[in-house]
Amino acid sequence: MRVLHVAAEVFPLVKTGGLADVVAALPVALAEQGADVRLLLPGLPPMLDAVQGARTIIDIGSCFGALRVRLLLGRMPGSKLPVYLVDAPYLYRRDGSPYQDRQGEEWPDNLQRFALLGWIAAHLAAGDADLQWTPEIVHAHDWHAAMSCAYMADHAPTAAASVFTVHNLAFQGLFPMHDWSLLGLASRLMSPAGLEFHGQLSFMKAGLKFADRVTTVSPSYAREIATHEFGCGLDGVIRGREVPVAGILNGIDDAIWNPATDAAIDTRYDAERLAGKQACRRALQAELGLDRDDQALLLVVVSRLTAQKGLDLVLAALPELLRLGVQLAVQGTGEPALEAAFRLAAQAHPGRVHAFIGYDEARAHRLVAGADAIAVPSRFEPCGLTQMYGLRYGTLPIVRRVGGLADTVTDADEAALAEGRATGFTFDAATPAAFERCVARAVQLHAEPLRWQQIVRQAMARSSSWAGPAREYLALYAEAAEALRR
Ligand code: ADP
Ligand code: GLC
């Protein structure tokens, strides 16, 4: 099966969130199961710098406002996975995030930047961009790649099926309707049956409407986005799909997130050698300037600081957390108000609260390894990866029971404790009080080291490898390709 993955980011070259982790790991897992997988990425500077042996496949000339567009083919550093880069210097060679400038403003030409990516995917699918290799499946990730599905449906005569994965429905790629003509699509797609969304153009909708199969990153989120509460205005479109949205839970990259081999942490450990985790905990307290306290529940947060993540609940609950003797360490970047609030909290409670406002991969590993628990109190969470890192590292997740968090963490209630199934702590209401009660339960169990260690072992035993999800995707690809042939 020849599969082309189309995305805007890939770890470790360009990453703004979990999407990059998935785009790095899933293709490798698919290849390990025999698929012939390639990536298609925009030629952002870090990608051009890192991709090895890049050569020009086709010189496209000028399009989407760029004077010079070329399609390159090289290999991912490390994995040797073939990767196409769209080299369009005018559109992609700039500093900042893939989506925003340094001031946090969306790039004004994002419509052209991400339409081009999808347009090239459709030409690869049609077999006229690379004469040597044509995908049977084009798998597009999030709104950035969603136009692949619209161009494949509208333009190119293609034998490939399109699969669209929603990683986060809240980011939709909305553009003014008057930019329609820049897309070069048939005008019938301009209607509500196409890309039109409340008077704007929606790239997300292009994926939801025109992909042969739509998936999202957990079974619970697949159900949630069909409801008004989580549908971000697109729940009608989602419910209207002939083939319902499939929920396939993400895995985590075991080569990168594994406490038995992790070079970033103080002492390596596994479920049989938990003394190493204790060493990581002490090292972390020392590194962060937290009191050396063996009794406290050391709770960490590694997250984008945005409304999605529900971290205002942590701030509101802080007095109660401190009363319970919790130590809190937060690492994240995002909304200035949240950054400032965590900084202030750390200043007000030296030795008990630590805040690092910044992005640092190695440091994230040390936090996850050294903590007792990791909080993910999200308002919505398509999948969430950090709670899975927590499980893998025996750092028990304290999560809101929503989306992928609900699908990956088993609450330590009476029944789960008795049956040896508990892996963490969940709560329902998005209120400080509900979060506080949940943390209080964790604190109570943490005070009983033998019972706590039992849950830690159960958490570490949970399988989170990409092999299972990769099998599910391959089955879905086969089904989509088969449906196209019929
Ligand atoms: P999302 O994609 O919504 O941000 P995920 O949990 O899927 O949420 O993925 C977040 C990813 O980003 C994880 O790999 C996490 O470790 C990483 N991450 C988030 N913030 C930071 C940070 N400040 N430093 C290092 N890694 C971070
Ligand atoms: C998105 C979601 C997150 C998910 C990630 C990878 O960024 O917010 O929940 O884990 O994509 O699929």
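The values are calculated or read from the model by the stated rules, or taken from the named source; none is laboratory data. Since the model is a prediction, treat every value here as computed from it, not as a measurement. With ideal geometry, Cβ positions are generated from the backbone for all residues, glycine too; neighbour counts draw on all protein chains shown.
Given (1) under 26 Å from the mean Cα position of the chain (by Cα); (2) modelled with pLDDT of 95 or more; (3) more than 16 Å from ligand 1 (Cβ to nearest atom), identify the lone condition not met by Ala129.
Against the list (1) under 26 Å from the mean Cα position of the chain (by Cα); (2) modelled with pLDDT of 95 or more; (3) more than 16 Å from ligand 1 (Cβ to nearest atom), Ala129 comes up short only on (1).
What strands (runs of 3 or more DSSP E), lying completely within region 1-79, carry at least 1 residues that are closer than 23 Å to Phe171 by Cα and within 16 Å of ligand 1 (Cβ to nearest atom)?
Once the strands (runs of 3 or more DSSP E) in region 1-79 are filtered for at least 1 residues that are closer than 23 Å to Phe171 by Cα and within 16 Å of ligand 1 (Cβ to nearest atom), nothing remains.
Which members of region 95-132 meet the condition of being in contact with an Asp or Glu (Cβ under 8 Å, 6 or more places away or on another chain) and surrounded by fewer than 22 Cβ atoms within 10 Å (Cβ to Cβ)?
Tyr99, Gln100, Arg102, Trp107
Looking at region 121-143, which of its residues are touching a Gly at 6+ places or on another chain (Cβ under 8 Å) and under 19 Å from Asp87 (Cα atoms)?
The answer is Ala140, and nothing else.
For Asn250, only one of the following conditions fails: (1) in contact (Cβ under 8 Å) with a residue 60 or more places away in the chain; (2) away from ligand 1 (no atom under 14 Å from the Cβ); (3) not hydroxyl-bearing (Ser, Thr, Tyr). What is its number?
(2)
With away from ligand 2 (no atom under 16 Å from the Cβ) and within 22 Å of Leu405 (Cβ to Cβ) as the only criterion, which of Leu284, Leu290, Leu274, Leu328 stands out? Full working, then the answer.
On the way: Leu284 fails: within 22 Å of Leu405 (Cβ to Cβ); Leu290 fails: within 22 Å of Leu405 (Cβ to Cβ); Leu274 fails: within 22 Å of Leu405 (Cβ to Cβ).
None of the others qualify; the one that does is Leu328.
Mind counting the residues in region 411-432 that are within 28 Å of the chain's Cα centre (by Cα) and touching a residue at least 24 places away in the same chain (Cβ under 8 Å)?
So the count comes out to 12.
Is it the case that Thr408 is closer than 19 Å to Leu19 by Cα, touching a residue at least 12 places away in the same chain (Cβ under 8 Å), among the polar types (S, T, N, Q) and buried (at least 24 other Cβ atoms within 10 Å of the Cβ)?
Yes.
Under 20 Å from Arg70 (Cβ atoms) and surrounded by 21 or more Cβ atoms within 10 Å (Cβ to Cβ) - does that describe any residue in region 150-169?
The answer is yes, given that some residue of region 150-169 is under 20 Å from Arg70 (Cβ atoms) and surrounded by 21 or more Cβ atoms within 10 Å (Cβ to Cβ).
When region 176-200 is examined, which residues are found to be surrounded by fewer than 12 Cβ atoms within 10 Å (Cβ to Cβ) and farther than 19 Å from Val237 by Cβ?
Pro176, His178, Ser181, Ser187, listed by residue number.
Scan region 142-157 and give yes if some residue there is touching a Cys at 6+ places or on another chain (Cβ under 8 Å), closer than 23 Å to Ala29 by Cα, touching a residue at least 60 places away in the same chain (Cβ under 8 Å) and assigned by TED's automatic domain parsing to the domain that holds Val237, otherwise no.
No, region 142-157 has no match at all.
So which residues in region 159-183 are within 24 Å of His123 (Cα to Cα) and free of Cβ contacts under 8 Å to residues at least 24 places away in the same chain, if there are any at all?
Within region 159-183, Trp180, Ser181 qualify.
Please pick out the residue among Tyr92, Tyr99 that is touching a residue at least 24 places away in the same chain (Cβ under 8 Å) and more than 16 Å from ligand 1 (Cβ to nearest atom).
Tyr92
For Ala480, state whether it is within 29 Å of Cys149 (Cβ to Cβ), in contact (Cβ under 8 Å) with a residue 24 or more places away in the chain, in contact with a strand residue (DSSP E or B) (Cβ under 8 Å, 6 or more places away or on another chain) and surrounded by 17 or more Cβ atoms within 10 Å (Cβ to Cβ).
Yes; evaluated as a whole, the condition is true for this residue.
Could you give me the residue pairs with C-beta distances under 7 Å whose first residue belongs to region 4-29 and is farther than 19 Å from Tyr359 by Cα, whose second residue is outside any helix (DSSP H, G or I) and of a type in the set (Lys, Arg) wherever it lies, and which are 6+ apart or on separate chains?
Between residues of region 4-29 that are farther than 19 Å from Tyr359 by Cα and residues that are outside any helix (DSSP H, G or I) and of a type in the set (Lys, Arg), the close pairs are Leu4/Arg38.
Given the conditions (1) without any contact (Cβ under 8 Å) to a residue 12 or more places away in the chain; (2) within 17 Å of Leu311 (Cβ to Cβ), and given that Cys438 satisfies all but one, which numbered condition is not satisfied?
(1)
Can you tell me which residues in region 382-403 are charged (D, E, K, R) and closer than 22 Å to Ala275 by Cα?
Result: Arg392, single match.
Is it the case that region 443-450 has a residue that's touching a strand residue (DSSP E or B) at 6+ places or on another chain (Cβ under 7 Å) and surrounded by 20 or more Cβ atoms within 10 Å (Cβ to Cβ)?
no
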